[in-house]
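Engineer: I am attaching a structure below and will ask some questions about it afterwards.
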């Protein structure tokens, strides 16, 4: 019985860590795209609002978030190089709306 409970506990912990890791990667991917779009879309973000978003949405014990964010930001920049003008227009409009929603830009 003790072995079963210990095994169940380990499985739960592993699943929790995996879910937390996936959530962290998703947040890094999403924020990375928004941040990478700043220059391409001609936007200027409020640095304090970005810091506030991270404080509210990223676990302070998540040591991988910063490196994942850097990776995702660089990846997004690479993707932008091959975008058509129409794709850039659609992308930038979406980013601008999201950035306003989170207070990264005013207006």
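The values are calculated or read from the model by the stated rules, or taken from the named source; none is laboratory data. Since this is a predicted model, take the numbers as computed values, not measurements. Reconstructed Cβ throughout: ideal geometry from the backbone, glycine too, with neighbour counts over all protein chains shown.
Engineer: For residue 97, which of the numbered conditions (1) modelled with pLDDT of 95 or more; (2) surrounded by 14 or more Cβ atoms within 10 Å (Cβ to Cβ); (3) over 11 Å from the mean Cα position of the chain (by Cα) fails to hold?
Structural biologist: Unmet condition: (2).
Engineer: Among (1) touching a residue at least 60 places away in the same chain (Cβ under 8 Å); (2) closer than 22 Å to residue 25 by Cα; (3) surrounded by fewer than 16 Cβ atoms within 10 Å (Cβ to Cβ), there is one condition residue 60 misses while meeting the rest; what is its number?
Structural biologist: (1) is the only condition that residue 60 fails.
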